[in-house]
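Below is one structure, written out as structure tokens, with a few remarks after it.
The values are calculated or read from the model by the stated rules, or taken from the named source; none is laboratory data. Fair warning: this is a prediction, and the values are worked out from it, not measured in the lab. So basically every Cβ, Gly included, is an ideal-geometry build from the backbone, and we count neighbours across all protein chains shown.
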Amino acid sequence: MNWISEWALPKIKTLFGAPREVPDNLWDKCPNCEQMIFHRDLERALHVCTHCGHHMRIGARQRLDITLDPGWQRIELPRAPADPLRFRDQRRYADRLKDAQSRSGQEDAVLVAHGAIDGHRAVVAAFEFSFLGGSMGAGVGEALVTAARLSVLQDSPLVVFTASGGARMQEGAVSLMQMPRTVIATRMVKEAGLPLILVLCDPTTGGVTASFAMLGDVQIAEPGALIGFAGARVIEQTVREKLPEGFQRAEYLLEHGILDMVVKRGEMRATLARVIGLLRVPEGAAEAAARQDLEADAAPPPAPALLAPPAAERAAPAG
Ligand SMILES: [Zn+2]
């Protein structure tokens with residue numbers, strides 16, 4: 001043993017050797033209970049705290065991954081006009097947008113995909129909150145209209161996971177126009193007789209809450225999700241009253257009839273599959289029914305007695 005093997009060699013190895021695989025965030029801290037959780041355990045628990053059950057925010061891609069069966073496909077979205085107002089605050093909006101795009105690897109704050117949820121065909125749109133606060137500008141409006149069109153085209157239910165701070169202020173009136181636009185998108189789905197399922201995730205606020213996000217046939221939320229229009233502090237200052245405990249949280253809204261269900265992340269997939277199964281004629285059954293009708297048409301007409309009950313029976317008082 002000399003200084004070469006003890007000191008110089010390790011130095012050289014660290015300088016030129018292959019980088020060791022040490023993830024930079026081995027532990028995560030729960031923002032609710034402040035307990036440390038091993039990163040791999042947290043991933044396995046779908047980013048739900050293993051100590052207190054707090055549902056942490058997750059990205060759109062992960063959302064699609066844990067909702068859809070393997071083999072789902074992302075849809076290319078039409079390009080929306082970027083920075084229509086040439087807006088600038090401390091920075092140019094065009095630069096903010098470019099930053100968000102390169103960080104997230106997506107065009108705007110919503111991803112749209114089609115595939116199956118536990119075997120049930122579905123179109124799924126998911127918001128990415130880390131993309132400019134999941135705010136709704138022309139790009140997001142375009143994504144939701146595209147998702148609705150696809151759902152009609154494929155005769156599939158539409159599931160939307162929201163996570164948004166509301167309208168994208170940098171697009172001014174253009175962003176507000178996305179409110180009626182997304183409402184029209186929901187109408188397209190409903191007019192085609194297809195289920196529209198909204199899953200409100202933390203947080204869903206502002207213009208998103210005030211438009212399509214409240215128009216689902218079934219309204220689901222994740223536990224503890226903040227759902228509201230204006231912030232609690234603003235409301236408190238306006239009405240000059242102390243707001244009740246848990247105000248604007250999913251559980252409070254469920255109690256007050258705004259939501260149909262609060263579903264844990266780990267049970268979301270199965271729940272969505274069950275709801276779609278209840279609302280949809282099972283695939284193949286519609287064709288079977290049509291075939292039966294055809295066969296019935298081909299068969300000789302039933303005797304008149306079978307079509308209508310005897311007159312005496314019809315006249316008999318009920319119950
Ligand atoms: Zn926790």
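Annotations
- For the stretch 33-54, taking the residues that are under 24 Å from L198 (Cβ atoms) and within 10 Å of the ligand (Cβ to nearest atom), the one that is surrounded by the most Cβ atoms within 10 Å (Cβ to Cβ) is identified as V48.
- Qualifying residue in the stretch 264-280 (condition: in a strand (DSSP E or B) and crowded, with 17+ Cβ neighbours inside 10 Å): no
- Among the conditions (1) at pLDDT below 95; (2) within 14 Å of the ligand (Cβ to nearest atom), L26 misses just one, which is (2).
- Yes/no for G207 being surrounded by fewer than 16 Cβ atoms within 10 Å (Cβ to Cβ) and touching a Phe, Trp or Tyr at 6+ places or on another chain (Cβ under 9 Å): no
- Top-ranked residue of the stretch 136-156 - restricted to ones that are small (G, A, S) and under 14 Å from the mean Cα position of the chain (by Cα), ranked as nearest to M179 (Cα to Cα): A143
- Residue satisfying all of: in the stretch 159-182; of a type in the set (G, A, S) and more than 28 Å from I66 (Cα to Cα); surrounded by the most Cβ atoms within 10 Å (Cβ to Cβ) among these: S175
- Meets criteria (at pLDDT 95 or above, within 16 Å of the ligand (Cβ to nearest atom), out of contact with any Leu (no Cβ under 9 Å at 6 or more places or on another chain) and not hydroxyl-bearing (S, T, Y)) for R92: no
- Subset tally (residues that are modelled with pLDDT under 95 and charged (D, E, K, R)) for the stretch 211-235: 1
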